[in-house]
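So the structure is just underneath, and the comments pick up after that.
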Amino acid sequence: MDNLSRRLLQASCAVALTAAIASPAEAQSTRKDLKTGNKFFEQENYRAAIPYYEKVLAKDPNNAKALFNAGISYMSFDKEKASDYIYKAQKLKPKVSKDVEYWLGRVDHLNYNFDEAVAHFQAYNATLKKNDQRKEEIAQLIKHSQNAKVQFNSPKDIFVKNLGPTVNTPYSEHSPVISSDDKLLIFTSRGENVTGASGKPSDKKNKAIAADGEYYEDVFETTRVDDENWQKPRSLSGVLNGKGHDASIQLFDNDSKLLMYRNDNNGDIFVSDKTGGDWSTPKPLNGNINSKSFESDAFITPDGKTIYFSTGKYSEDGTLDLYYSTRADGGDFGPAKSLGANINTKYDDDSPYLSKDGKTLYFSSRGHNTMGGYDIFKSEWDSVGRKWGAAQNMGYPVNTPDDDSYYRLSPDGSYAYLSSYRIGGYGEKDIYTINYIKNANIKGKVFSAKDSTTVIPGVELVFSGQQADKTALSFRDISKTDGSYQVAVLSGRTYQVAVSKDGKPIETQEFPVPVSTNDSTTIIKNFYINYVDTTNNAYLAARNIYFDTDKYKLRPESITRLNEITQFLTTNSGINISIEGHCDSRNTDEYNMVLGQNRAQAAYNYLKKQGITETRMSTVSYGERRPAAPNDSPENMQLNRRDEFKVVGGTGAGMIDNSGATGTGMGTGSTTTTGTSTTTTTTATPLSPGKSKVKMADGTKVKTKVDEDSDKVKVKTKGPAGDTKTTTKNGELEGKAKDANGEKTKIKAKN
């Protein structure tokens, strides 16, 4: 806690004590609880003070003084509750403390209400005299809030993850140290499992209790179970842990040595060697490193020749600065040298850590452009100027409005550990991992929503999102012939996916992409869109096959076309087709209906031999009724002697087209089948009134009867494939079908 906060607490406590004595109307027990709470509060033993304030508030919920002091006490454990209590106290009693505006500013800052914090600090500053030393500190707090607002509004794409309750407790955990294989974590805790703890932090007889009422720091270790979990921590008690605070700093020399802190001699840096399975008695580093002042943290380079450390030895007011010292092979560390003005400030600068290549220095500081308390900064080595460059704030969410320190990179440098007190944690400081959010590889296919199997090529997919700082993101791909697409997008956000084809928008879908902290994550996402792919029909329309006069034998060039269609159908497994046979007008209508069917059947039989299943094809004859050109020349008549291929939906039972065209398979036009109900859509020339009989190539006999007004058509077929009876009247079709196996189907449809 800073000096201003400490002085204000002492003043607040004195007022509270007076108020407790001067309130004879209060019950004796309430006065006693308030007095005891204030006593602990004055000692900055906030964990012990809170239960007594809560006892007072249970009996007197509107006790402004208890609310105010309890709120200040909760700032180390529950920031949101601290805000509620202090604001309630001020509402009940606007002058609950002459420093209330200061504390409202502090609690608003911690809860990310930066504009409100600045307003409170300015209001408090207006109450101070011109020569009041607190004005400088208030100016610094205002700057913190302004810095915090800038950083918070420009966040980095970083994923911050709590290590969980196995490692973290309601108490403070910090100083993470990771082994070179990333499997062992050594850390420092002030939890209930420290050496000598009795489970009663406020017990004066407990030797594990420090002056602030919290347990002394001890060093613990835990082993990784998997990427998400750790084993129950084990205390490294005995030789490592002394009588006071002990903290982990760094494993080095192939994990055979542990650099650590002990609060001996006002705080020094020690080293312990691992012999066998245990650590040796820690030994202090020499006098060039340790002093009578406070030495807090350190880092030794992999070659063991340079140490970076924090010390209060060289500052006028005991604040920490960062220094370094070198040694020759076999020698000891020499005189310390400052890291320079780009690193050190008049505030505390602590917790140095060097990247593996030695070019980036990470450290914690209360100075520079901190968001409040300690922030993590980095500095790049200037090889030309032979000095460290300007300190750069690592930004939000690496840093927060509260203390953030002990930044340590993982062995491969892909992520980092740090200690921080954040909203949503388990208590006081917790250990977190910091991962830069990476790209995720999204791939899949684009299908028609109509049948969920037909792939659609040429679809443009545009993934639109935002970076953490609201900068727009856009990623794009176009589906290939098989409907597939692939795109790498920044993970950890929801994208709006705009779907279009040939420049025409189809729809927009929302797709959340979970956080990925590695570049190997692949997510399968298929899109089902409301789109009828006319390009398939365009492809097939360009592959008509043609026949000689009065023939249905396939020409050599027709075989080439049919092979192309075979490949198309094999690639697009969700597509079904209708094969339509056509004739010129050289013979009777009845004759041409049979000839057209034979031509369609010839293509059907060839495709079937190539492996296209029967259920994916239907045949239909239009005879001479749908000419492609007038039958007025040999060239035009050749255009009419043809087979056409069209995409149809679904698989259905064999029927006769209600326009009078004859066929097998799914019928004519667009057909959709659900269960035993088939809907057929056709657009054909109306039949002439009368009766007709024809016999098709496979022996099927077809009888057709059309009434005088052409509004009723009856068709009967009988052949090897089965029998059908259909009646079409006023655009409605009803029929029955029985296949060669005797299976019956009923049909009812509207045209």
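The values are calculated or read from the model by the stated rules, or taken from the named source; none is laboratory data. What you see is a predicted model, and the numbers here were worked out from it, not measured in a lab. Cβ sites come from the backbone with ideal geometry, for glycine too, and all protein chains shown count toward neighbours. When the accessible area is computed, the model is the full protein with side chains, heavy atoms only, and any ligands, DNA or RNA have been set aside. Shrake-Rupley method; radii C 1.70, N 1.55, O 1.52, S 1.80 Å.
Say R0 is 35 Å: what FRET efficiency, to the nearest 0.05, do T508 and S154 get from their beta-carbon distance? It would help to have the intermediate numbers written out before the result.
Details: r = 28 Å, r/R0 = 0.81.
The formula returns an efficiency of 0.80 here.
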Legend entry - Total lysine pairs whose alpha carbons fall under 16 Å of each other in the range 290-400 (8 or more apart, or interchain): 11
Inset, instruction - Evaluate E = 1/(1 + (r/R0)^6) for A126 and L92, where r is the Cβ-Cβ distance and R0 equals 35 Å; express this FRET efficiency to the nearest 0.05. - result: 0.90
Inset, instruction - Rounded to the nearest Å, what's the spacing between the alpha carbon centres of the range 425-491 and the range 214-278? Just the number, please. - result: 43
Legend entry - Distance histogram in 5 Å bins (all Cα pairs of the range 467-529, percent per bin): 4, 13, 26, 28, 17, 9, 4, 0
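Once you have the Cα-Cα distance between K443 and E116, take 0.36 nm times their residue separation minus that, and quote the gain in nm to one decimal.
Numbers: separation 327, 0.36 × 327 = 117.72 nm, distance 4.62 nm.
That works out to 113.1 nm of additional length.
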Inset, instruction - Mind checking the full-extension length gain between K718 and K525? Use 0.36 nm per residue of separation minus the Cα-Cα distance, one decimal, nm. - result: 64.7 nm
Inset, instruction - Could you go through the range 61-72 in sequence order and give the Karplus-derived ³J(HN,Hα) for each residue, using 6.51 cos²θ - 1.76 cosθ + 1.60 with θ = phi - 60°, rounded to whole Hz, and x for Gly and Pro? - result: x, 9, 6, 4, 5, 5, 4, 5, 5, 5, x, 5
Legend entry - Distance in nm between pseudo-label sites at V384 and S256 (7 Å out along the Cβ direction from Cα): 4.2
Inset, instruction - Mind scanning K183/K274; K438/K470; K646/K701 and naming the pairs with a C-alpha gap bigger than 22 Å? - result: K646/K701
Inset, instruction - Output the pairs from K129/K149; K39/K93; K504/K525; K98/K135; K65/K143 with a Cα-Cα distance over 24 Å in this structure; if there are none, say none. - result: K129/K149; K65/K143
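Would you mind calculating the relative contact order of the range 101-151 from Cα pairs under 8 angstrom and at least 6 residues apart, reporting the percent as a whole number?
Values: 44 pairs, mean separation 19.1, N = 51.
For the range 101-151, the relative contact order is 37 percent.
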Inset, instruction - Give the Rg (one decimal place) followed by the Dmax (whole number) of the range 408-542, computed from C-alpha coordinates and expressed in Å. - result: 19.8, 73
Inset, instruction - Excluding residues on the same chain fewer than 8 positions from K156, give the aspartates and glutamates whose Cα lies under 14 Å from its Cα. - result: D469
Inset, instruction - Please give the net charge around I442, taking every other residue with its beta carbon less than 11 angstrom from that of I442, where Lys and Arg add +1 and Asp and Glu add -1. - result: +1
Inset, instruction - Just need the relative contact order of the range 383-530 here, percent rounded to a whole number, with Cα pairs under 8 Å and 6+ apart. - result: 22
Legend entry - Value of relative contact order over the range 314-369, rounded to a whole percent, pairs C-alpha under 8 Å and six or more apart: 29
Legend entry - R234 accessible area, assembled protein chains, probe 1.4 Å, Å²: 130
Legend entry - For I442, residues with placed amide H under 5 Å, excluding near neighbours: V487, A488, V489, I523
Inset, instruction - Once you have a ≥ b ≥ c as the square roots of the Cα gyration tensor eigenvalues for the range 298-370, tell me rounded if a/c is under 1.5, and otherwise prolate or oblate according to whether a/b is larger than b/c. - result: oblate
Legend entry - Karplus 3J(HN,Hα) series, Hz, for the range 503-514 with 6.51 cos²θ - 1.76 cosθ + 1.60 (x for Gly, Pro): x, 9, x, 10, 6, 10, 10, 9, 9, x, 10, x
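Set the Förster distance to 60 Å, then compute FRET efficiency between Y436 and K701 from the Cβ-Cβ distance, nearest 0.05.
0.20
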